[in-house]
Structure formats: C-alpha cells, structure tokens
Amino acid sequence: MDPEPQQSLTVNQCIDQIAQKLEAANLHYGHGAIDAQSEALWLVSKQLGLSPTETLDHLEDSITNEQQQKAIAVADERISTRKPLAYILGEAWLMGVPFFCSEQSIVPRSWIAELIVDGSLEPWLPADGKALDLCTGNGSLAVLLALSCPDIHVSACDISMPALSVAARNVDRHGLSSQVELMDGDLWNALPEPNEDNLFDLIICNPPYVNANSMSTLPTEYHAEPVLALAGGDDGMDLIRRIIAHAPDYLSERGAILIEIGNEYENFKKAFPQIPVIWMEVSAGEEQVLLIQAEDLR
C-alpha cells in the first residue's frame, strides 16, 4: 500500500515518484509517451491543469496533497488495467495539440503529424488546396492539417461511426467545423464519385497496417484499442492495396498520397515493387512513412 503522499513534494519530485512506480510495473509505452518518465510528466500535468510542456516550467512548484493522491490513483489504474494512459485521462497530446480520446478510436499518434507540423507537405498543398485524411479515426491528423494550413479544405473519412464521433468532438474542440468535413464509409466508398472538381491535392492516410503475426504478439496496451484500427491482414497490406489501387482516381494531376506503414517496410516493398516511392524522414527513421506522387500511380 502506498504511503500517504507528503505535502512538501515539488512537481518534479511527484513526477519522479510516479515514474518509479510505473517503471517497476513493466508497462509498455507508445501511446503518446515513450517511457515511464514522460508518461509520469503527462499524468501529473493533467492533475495540475497544464499541458506537459507547460508543466516543465513549474517543476520546482509545490504540489498539493490532493493532486498527489489523484496522480497516484491514476498511476494505480494504469498499472492494474494496462490501458493506455490516454484512455484513462480521456485526452492525448499530439505535436503539442490536445485531443479528446476514448476507446471508441485509436489513441492519437502518427509520424505523419511531424510532417504536417514541420511544413514538409507544403509542396503538395496549394494555398486553396483540398486534402483528404483517409482512415481518420480520432480526427487528429485532419485537425493538425487544418490548423497548419488554414486556407485549405480538409475531408476526413472512416468506416467506424464510433471513431467518427470522437473525430467530431475533436473538430469541434478546435473550432474547425467549417474547414473539416467528416464522412463515413469504407475507404473510397465514403466519397462522392471523383470528377475534375472534387480531386485532392494531398491524401494522407494512417491505415490499419499491423501484420497478423505482429498482431498476435502486441502488448496488452494495444489490445485496448479497436482491432479494426490496427489489423492489416497477413502481411499488413490488405487495406493499403485497396488504397493504392484507387488513389489515382481521386488525386489531382500534381497530387500525392502519403501513407504511414510503420514497421511494415519489407512487406510494402514486396507488395509494391514497381511503384516509385519517396520515403519521408521522421523521428522514427526513413522507412515509416512514404509518399507517392500521382504521376507515379497512373
């Protein structure tokens, strides 16, 4: 049983205390935090009503007994349930932007977010351009795209109505309902028939891509997420085959499609040896996210 937390703890001491507790439990990370220390920062910042980044400026402040107790209770729930912290807190942060989060959709995370925020995608996005977030899930990438490029129109679709309800909350939260349009349907079936007036300059997609063998060995944390948002078939390429097959119909002449494939580089190369691909560098390396220009798909 945990000792009664002490009133004299600083924020930093509380974070370290929580981090040690999480570390000892052998949890798995990757749902918005990379390790126990960063997850403890996130957990404690929520009790303070601050963002994790803001909390770094208050490490030497004292933390109240009540805030300590709440932080420890959340840590205990994280350990006992093995659920991602984002589901317990009902919130996740991606590139410094907060998103509502629930088990109706995957936890907001994607290497594509880095490319949106750092401007890498601007060559494919004219000022008045149109973008599509295919397999939008919680809507986080569509929101980031709209925030980063306020003059473009963003369409976002998903097969899961529960996920779209989460996306709608996130679109509303950031005041983007006039810029981001949500649609439901199975991949391209969610969209109107393509014609020259409704083609996209950029399509981004973080689809289900985990291969069957990897699905069977995922840590407990990932099993809290909808299987529909993760499983990509035997080689992880089931949905990606369907996406690439019809992408040319929906891309403008100089358009491009950006796809996250995670750790499925070898399976992608085996499935699509003939397609010229531009590999985009993200913090996880150069084999996680790829871009294909429309002219190389036709």
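The values are calculated or read from the model by the stated rules, or taken from the named source; none is laboratory data. Worth saying up front: this structure is predicted, and the values here are computed from it rather than measured. We place every Cβ from the backbone using ideal geometry, glycine too, and count neighbours over all the protein chains shown. Just so you know, the surface numbers come from the protein's heavy atoms only, side chains and all, with ligands and any DNA or RNA stripped out. Shrake-Rupley method; radii C 1.70, N 1.55, O 1.52, S 1.80 Å.
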Can you pull out every residue in segment 63-96 that is more than 15 Å from LYS21 (Cα to Cα) and open to solvent by 40 Å² or more (accessible area, probe 1.4 Å)?
THR64, ASN65, GLU66, GLN67, LYS83, TRP93, MET95, GLY96
Pairs, first in contact (Cβ under 8 Å) with a residue 60 or more places away in the chain in segment 46-68, second open to solvent by less than 50 Å² (accessible area, probe 1.4 Å), C-beta under 7 Å, six or more apart:
ASN65/PRO5; GLN68/PRO5; GLN68/LEU9; GLN68/CYS14
Going through segment 16-38 in order, the residues found to be part of a helix (DSSP H, G or I) and open to solvent by 10 Å² or more (accessible area, probe 1.4 Å) are ASP16, GLN17, GLN20, LYS21, GLU23, ALA24, GLN37, SER38
Mind checking whether some residue in segment 246-268 is closer than 20 Å to ASN213 by Cβ, hydrophobic (A, V, I, L, M, F, W, C) and not in a helix (DSSP H, G or I)?
yes
Where residues in segment 176-212 are within 19 Å of the chain's Cα centre (by Cα) and either over 16 Å from ILE244 (Cα atoms) or of a type in the set (D, E, K, R) (or both), which of them is surrounded by the fewest Cβ atoms within 10 Å (Cβ to Cβ)?
ASP184
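Mind listing whichever residues of segment 103-144 are in a loop (DSSP other than H, G, I, E, B), touching a helix residue (DSSP H, G or I) at 6+ places or on another chain (Cβ under 7 Å) and either open to solvent by 20 Å² or more (accessible area, probe 1.4 Å) or under 10 Å from ILE204 (Cβ atoms) (or both)? Write out each step before concluding.
Filtering segment 103-144 for residues in a loop (DSSP other than H, G, I, E, B) gives 103-111, 118-121, 125-129, 135-139.
Among the residues that remain, those that are also touching a helix residue (DSSP H, G or I) at 6+ places or on another chain (Cβ under 7 Å) are: 103-108, 110, 121, 136-139.
The answer is GLU103, GLN104, ILE106, SER110, LEU121, THR136.
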Just checking, which of VAL107, VAL154 is closer than 27 Å to TYR29 by Cβ, in contact (Cβ under 8 Å) with a residue 24 or more places away in the chain and β-branched (Val, Ile, Thr)?
VAL107
Cβ pairs under 8 Å, 6+ apart or interchain, first in segment 272-296 and exposed (fewer than 13 other Cβ atoms within 10 Å of the Cβ), second charged (D, E, K, R), ordered by first then second residue, are PRO276/ASP296; SER283/GLU114
Candidates PRO207, PRO276, PRO192 - the one that is in a loop (DSSP other than H, G, I, E, B), closer than 25 Å to LEU125 by Cα and touching a Cys at 6+ places or on another chain (Cβ under 9 Å)
PRO207
Do we have ASP158 as charged (D, E, K, R) and surrounded by 19 or more Cβ atoms within 10 Å (Cβ to Cβ) here?
yes
Look at segment 145-167 and say how many of its residues are under 24 Å from PRO226 (Cβ atoms) and part of a loop (DSSP other than H, G, I, E, B).
2
